[in-house]
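K.L.:
Below is one structure. I have some questions about it.
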Amino acid sequence: MVVSTMSVFAAFSDVPATASYDEAVSALNQLGIINGYGDGTFKPDNDVTRAEFTAMLMRTLGAGSVGSTSAAELPFTDLDDNNTDVSWAYPNINTAYKNGIINGYEDNTFRPNDNVLYEEAVKMIVCGLGYGNGISVDTTPWYSNFVNQARQLGITKNAQNIGSVERPASRACIAQMLYD
């Protein structure tokens, strides 16, 4: 029998060991799912863009950067191969789209540089784990069934203390949801 353990250490100067999300941030950093900044910080209170979150989620699911590097196959009018500020995320966006994890907005945009809202992140995680089929968005609010499913799966058990619906999800909140 082979037993593997991962040592969890303080990876970033601005994530104290007493922070509720410290273990999540450290573990995900060691796994290469999330990264910090060049100055040794994580910036846990910073918001996460939709492109950044899609990349983190795809890495969590073991499918990071496996999709096409072109936006040509995507239906989103705000993504094209000349959009170099987010082209780094195209493989992740392509994979997420092809697997039904993301579907963009009704106006056929993805809005990669917009902050990902808590409920959007919850919806994408639920779909990424294969629990999104059959969940209705014909409720008020549209995300309530996804949040309920996430709660049942334990995805939000610790993140709900550092994030809330209809607000941008912070880096700490995203790390905690991905970890849970």
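The values are calculated or read from the model by the stated rules, or taken from the named source; none is laboratory data. This is a predicted model, so every value here is computed, not measured. In this analysis, Cβ positions are derived from the backbone assuming ideal geometry, glycine residues included, and neighbour counts consider all displayed protein chains. Just the protein is used for accessible areas: all its heavy atoms, side chains included, with ligands, DNA and RNA removed. Shrake-Rupley method; radii C 1.70, N 1.55, O 1.52, S 1.80 Å.
K.L.:
Filter the range 87-109 down to the residues that are among the aromatic types (F, W, Y) and touching a Gly at 6+ places or on another chain (Cβ under 9 Å), then identify the one that is nearest to V66 (Cα to Cα). I'd like the intermediate steps shown before the answer.
P.N.:
Just the residues of the range 87-109 that are among the aromatic types (F, W, Y), to begin with: 88, 90, 97, 105.
From what's left, touching a Gly at 6+ places or on another chain (Cβ under 9 Å): 90, 97.
Details: Y90: 10, Y97: 12 Å.
The residue in question is Y90.
K.L.:
Name the residues in the range 37-83 that are surrounded by fewer than 18 Cβ atoms within 10 Å (Cβ to Cβ) and more than 24 Å from F110 (Cβ to Cβ), would you?
P.N.:
Y37, G38, D39, G40, T41, D45
K.L.:
Inspect all residues belonging to the range 166-179 and state whether any of them is within 11 Å of the chain's Cα centre (by Cα) and open to solvent by 50 Å² or more (accessible area, probe 1.4 Å).
P.N.:
yes
K.L.:
From (1) exposed (fewer than 15 other Cβ atoms within 10 Å of the Cβ); (2) among the hydroxyl-bearing types (S, T, Y); (3) closer than 14 Å to C173 by Cβ, pick out the condition that doesn't hold for T18.
P.N.:
Just one mismatch for T18, condition (3).
K.L.:
Every residue in the range 134-154 that is over 17 Å from the mean Cα position of the chain (by Cα), surrounded by 13 or more Cβ atoms within 10 Å (Cβ to Cβ) and among the aromatic types (F, W, Y), please.
P.N.:
Of everything in the range 134-154, nothing turns out to be over 17 Å from the mean Cα position of the chain (by Cα), surrounded by 13 or more Cβ atoms within 10 Å (Cβ to Cβ) and among the aromatic types (F, W, Y).
K.L.:
Report whether or not A159 is under 27 Å from T41 (Cβ atoms) and in contact with a Pro (Cβ under 7 Å, 6 or more places away or on another chain).
P.N.:
Details: under 27 Å from T41 (Cβ atoms): yes; in contact with a Pro (Cβ under 7 Å, 6 or more places away or on another chain): no.
The answer is no for A159.
K.L.:
Next up: When the residues of the range 98-112 are filtered to those that are in contact with a helix residue (DSSP H, G or I) (Cβ under 9 Å, 6 or more places away or on another chain) and open to solvent by less than 90 Å² (accessible area, probe 1.4 Å), which remaining residue is farthest from D47 (Cα to Cα)? I'd like the intermediate steps shown before the answer.
P.N.:
First pass over the range 98-112, keeping only residues in contact with a helix residue (DSSP H, G or I) (Cβ under 9 Å, 6 or more places away or on another chain): 99-104, 110-112.
Then keep just the ones that are open to solvent by less than 90 Å² (accessible area, probe 1.4 Å); that gives 100-102, 104, 110-112.
Details: G100: 24, I101: 20, I102: 19, G104: 19, F110: 17, R111: 15, P112: 13 Å.
Checking each candidate, the answer is G100.
K.L.:
Can you spot a residue in the range 66-89 that is closer than 26 Å to D22 by Cα, charged (D, E, K, R) and either modelled with pLDDT of 95 or more or more than 16 Å from the chain's Cα centre (by Cα) (or both)?
P.N.:
no
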